[in-house]
1. Could you tell me which residue of segment 5-33 is modelled with the highest pLDDT, considering only residues that are within 14 Å of the chain's Cα centre (by Cα) and exposed (fewer than 11 other Cβ atoms within 10 Å of the Cβ)?
2. Confirm whether S56 is surrounded by 14 or more Cβ atoms within 10 Å (Cβ to Cβ) and modelled with pLDDT of 85 or more.
3. Residue by residue through segment 25-60, note down the ones that are in contact (Cβ under 8 Å) with a residue 24 or more places away in the chain and outside any strand (DSSP E or B).
4. Restricting attention to segment 42-53, and to residues there that are exposed (fewer than 14 other Cβ atoms within 10 Å of the Cβ) and out of contact with any Phe, Trp or Tyr (no Cβ under 6 Å at 6 or more places or on another chain), which single residue is modelled with the highest pLDDT?
5. Looking at (1) surrounded by 11 or more Cβ atoms within 10 Å (Cβ to Cβ); (2) at pLDDT 80 or above, can you tell me which one E76 breaks?
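The values are calculated or read from the model by the stated rules, or taken from the named source; none is laboratory data. Keep in mind it's a predicted model, so treat the numbers as computed, not measured. Positions of Cβ are backbone-derived with ideal geometry, glycine not excepted, and every protein chain shown enters the neighbour counts.
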Amino acid sequence: MNIPVVIVSELSKDVEGRPTIDTLKYKNLENVSDKIIYLYRDVYKRDSNDVEVIVSKNNNGELGTIKLNFDREKREFKE
């Protein structure tokens with residue numbers, strides 16, 4: 001069919017800091033996924049607009065973290 005499928009999963013409740021593959025609640029997702037991407041925002045900095053996009057699994061490319069800033073007025077992310 002060649003169509004993308006997006007699955008959203010909650011993380012286990014004992015997550016401290018940035019998420020990793022180990023924090024997925026449903027461990028089988030790691031095995032069947034081509035890509036695993038997390039959005040992370042430090043909950044202790046409520047006024048901050050900083051967001052991290054964490055690519056922790058990517059069968060067809062690079063891994064890493066992209067730091068973005070959310071512009072609330074325009075409702076868009078910027079590098």
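1. Per the criteria, the residue is V6.
2. Judged against the criteria, S56 is a match.
3. E30, S33, D34, N59, N60
4. Ranking the qualifying residues of segment 42-53, first place goes to D50.
5. (1) is the only condition that E76 fails.
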